[in-house]
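**Student:** Please find one structure pasted underneath; my questions will follow.
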Amino acid sequence: MTVKDITKILEELAPLSHAEEFDNVGLLVGNYNMNVKGVLVTLDTLENVVDEAIKKDCNMIVSFHPIIFKGLKKLTGANYVERVVLKAIAHNIAIYSMHTALDNSNMGVNAKICEVLGIQNPKILIPKKGTIKKLTTYAPIANADAVKSALFNAGAGEMGKYSNCSFSTNGDGSFKAGIDANPTIGKIGETHFEKEVQINMIFSFEKEKSIVSALFEDHPYEEVAYEIATLENTNQNIGMGMYGVLDTEMDESTFLQMVKKRMNASVVRHSNLLGKKVKKVAVLGGSGAFAISAAKKAGVDVFITSDLKYHQFYEAEGQLVLADIGHFETEQFTKDLLVDYLIKKIPNFAISLSESITNPIKYL
């Protein structure tokens, strides 16, 4: 398989278009056409991880965090980022990062935390805006079903657990073909009236290119009339964080002890306990202070995340318990998720889980 083959599989789980604008995701080092001997999956790509890839004969590293985040002006080995890139290039190792593309996936980082903690029926905490679009087009009645079918196959009309969703209305279309036109129906220079179907479908924004391509390929008209609009509807399949419920409610101290144990956390920093039972829980892997207000709005009892600052704990305001378990700790199971996913997709390929320690924080 090539690097491109592997990345195509990964992007079925977490399309790069789902990443945040500030992020640096995708292929950071290497060539899409390179043949891959083995894949090493890691949370961070550090020098010891590249050494591990060399030892295991893996010439592709799939990393959650991007080793290159800001622009590189030099490659002299002056810092750990430059040394990693130089070593990867020297040994012809490709590096691919997923980061916020996987954060925003409903089967990604936060879904894995929910699985580990036994949080049921998880929903997106902060749905990503502007991700739902609507296509409106027009086709002759005789061709409408074929056009719909082509659009469905390209990914249009998918709503949550449903597919092939559309709404159609019949009407009269008109056009006059110019002298250089090649009309499918009607005559040049004459206004033609045709019984047509107006077809409406919504779709996820990353599928726009393939959907428009399918429309042009399967529509009978020489010139295809269509409109695409971005909707404000909430998309519960893409976004940051998740929240759900526990099978059995428990007191706050017992719950936090359970979180500490299952998430292998050395320390749990938390706001004041409220003396209430914990039933509804929100999680957000990585730095999640920006989601405190969303957790309040969701009415959760506890919000689990990391990198909370001193004054941000005040934002609990007696409405919920804020729990900071550590950045690495919230994301540590991400590489297990990716290994399991790749093994299911390509079971006869060499996929390795990195054994290198990459957590930069130590505790006394």
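The values are calculated or read from the model by the stated rules, or taken from the named source; none is laboratory data. The model shown is predicted, which means the values in this text are computed figures rather than measured ones. Using ideal geometry, Cβ is built from the backbone for each residue, glycine included, and neighbour counts are taken over all protein chains shown. To get the accessible areas, we keep the full protein, side chains included, count just its heavy atoms, and leave off ligands, DNA and RNA. Shrake-Rupley method; radii C 1.70, N 1.55, O 1.52, S 1.80 Å.
**Student:** Give the residue that is surrounded by the most Cβ atoms within 10 Å (Cβ to Cβ), with candidates limited to residues of the range 338-361 that are within 29 Å of Leu308 (Cα to Cα) and touching a residue at least 60 places away in the same chain (Cβ under 8 Å). Steps first, please.
**Tutor:** Looking only at the range 338-361, we keep the residues that are within 29 Å of Leu308 (Cα to Cα), and these are 338, 354-361.
The next check asks that each one be touching a residue at least 60 places away in the same chain (Cβ under 8 Å); those that pass are 338, 354-358.
Details: Leu338: 26, Ser354: 24, Glu355: 11, Ser356: 17, Ile357: 11, Thr358: 18.
Filtering the range 338-361 for residues that are within 29 Å of Leu308 (Cα to Cα) and touching a residue at least 60 places away in the same chain (Cβ under 8 Å), the one surrounded by the most Cβ atoms within 10 Å (Cβ to Cβ) comes out as Leu338.
**Student:** Do you know which residues across the range 222-262 are modelled with pLDDT under 95, in contact with a strand residue (DSSP E or B) (Cβ under 6 Å, 6 or more places away or on another chain) and surrounded by fewer than 19 Cβ atoms within 10 Å (Cβ to Cβ)?
**Tutor:** Answer for the range 222-262, where residues must be modelled with pLDDT under 95, in contact with a strand residue (DSSP E or B) (Cβ under 6 Å, 6 or more places away or on another chain) and surrounded by fewer than 19 Cβ atoms within 10 Å (Cβ to Cβ): Asn233, Thr234, Gln236.
**Student:** Turning to a different aspect of this structure: Looking at Thr248, is it without any contact (Cβ under 8 Å) to a residue 24 or more places away in the chain and either over 15 Å from Ala323 (Cα atoms) or not acidic (Asp, Glu) (or both)? Write out each step before concluding.
**Tutor:** Values: without any contact (Cβ under 8 Å) to a residue 24 or more places away in the chain: yes; either over 15 Å from Ala323 (Cα atoms) or not acidic (Asp, Glu) (or both): yes.
Yes; evaluated as a whole, the condition is true for this residue.
**Student:** Identify all residues within the range 3-44 that are under 30 Å from Thr131 (Cα atoms) and either of a type in the set (Val, Ile, Thr) or in a strand (DSSP E or B) (or both); write none if there are none.
**Tutor:** If the condition is that a residue be under 30 Å from Thr131 (Cα atoms) and either of a type in the set (Val, Ile, Thr) or in a strand (DSSP E or B) (or both), then Val3, Ile6, Thr7, Ile9, Val25, Gly26, Leu27, Leu28, Val29, Val41, Thr42 are the ones that fit.
**Student:** To continue, here is another question. Quickly run through the range 181-221 and pick out the residues that are over 11 Å from Leu135 (Cβ atoms), open to solvent by less than 30 Å² (accessible area, probe 1.4 Å) and not in a strand (DSSP E or B).
**Tutor:** Residue satisfying the conditions is His219 alone.
**Student:** Continuing with this model, one more query. Find all pairs meeting these conditions: Cβ atoms under 6 angstrom apart; at least six residues apart or on different chains; first residue within the range 316-337 and without any contact (Cβ under 8 Å) to a residue 40 or more places away in the chain; second residue part of a helix (DSSP H, G or I) and open to solvent by 30 Å² or more (accessible area, probe 1.4 Å).
**Tutor:** Gln319/Lys296
The rows are residues; the columns are (1) hydrophobic (A, V, I, L, M, F, W, C); (2) over 30 Å from Asp5 (Cβ atoms); (3) surrounded by fewer than 16 Cβ atoms within 10 Å (Cβ to Cβ); (4) in contact with a strand residue (DSSP E or B) (Cβ under 8 Å, 6 or more places away or on another chain).
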position: His270; (1), (2), (3), (4): no, yes, no, yes
position: Leu273; (1), (2), (3), (4): yes, yes, yes, yes
position: Gly285; (1), (2), (3), (4): no, no, no, yes
position: Ile304; (1), (2), (3), (4): yes, yes, no, yes
position: Gly326; (1), (2), (3), (4): no, yes, no, yes
position: Asp336; (1), (2), (3), (4): no, no, yes, yes
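**Student:** Right, Leu322: buried (at least 16 other Cβ atoms within 10 Å of the Cβ) and under 19 Å from the mean Cα position of the chain (by Cα) or not?
**Tutor:** No: the conditions fail for Leu322.
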